[in-house]
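To keep things clear, I will list the structure first and then write my remarks on it.
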Amino acid sequence: VELEVQEDALAGQILPMQSAAIEVQTRTGTQQPVPADEVGCFWISPIPSEDFRLRCRPVAGNAEVITVWVSL
């Protein structure tokens, strides 16, 4: 999972490129679904104001990836 911090959003991509269901999770329990398109690109807006992690589930397959906690 790659993330790029932009002015008011996070741009991301799943590698290898594939569509996926992504969930932004915060330590306080907030969950925000974010879709990734067929080449794995996604946007998170607004940027979470607290620590967060991403839970990524590719559409094809049973794999699941959960990132470490991120603080910006």
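The values are calculated or read from the model by the stated rules, or taken from the named source; none is laboratory data. Keep in mind that this is a model prediction, so the values were computed, not measured. Because the Cβ atoms are built from the backbone with ideal geometry, glycine has one as well, and the counts that use them run over all protein chains shown. Heavy atoms of the whole protein, side chains included, go into the accessibility calculation; ligands, DNA and RNA do not. Shrake-Rupley method; radii C 1.70, N 1.55, O 1.52, S 1.80 Å.
Simple spin-label estimate for V1 and N62 gives 2.1 nm between the two label positions (7 Å along the Cα-to-Cβ direction from each Cα).
What number comes out for the charge environment of P58, summing +1 per Lys or Arg and -1 per Asp or Glu over other residues with Cβ under 12 Å away? Walk me through the intermediate numbers first.
On the way: positive: R55, R57; negative: E38, E64.
Charge balance in the 12 Å sphere: 0.
Note that the chain presents 64 Å² accessible area per residue, ligands and nucleic acids not counted, probe 1.4 Å. For the stretch 1-16 versus the stretch 35-72, the spacing of their alpha-carbon centroids is 9 Å.
In percent, what relative contact order does the stretch 1-63 have, based on Cα pairs under 8 Å that are 6 or more apart in sequence?
Working: 130 pairs, mean separation 22.7, N = 63.
Relative contact order, the stretch 1-63: 36 percent.
In the context of the full protein assembly, V70 retains an accessible surface of approximately 40 Å², using a probe radius of 1.4 Å and ignoring ligands and nucleic acids.
Once the convex hull of all Cα atoms in the chain is built, its volume per residue stands at 78 Å³.
Segment I47..T26, full-extension length gain: 6.4 nm, with 0.36 nm per residue of separation and the alpha-carbon distance subtracted.
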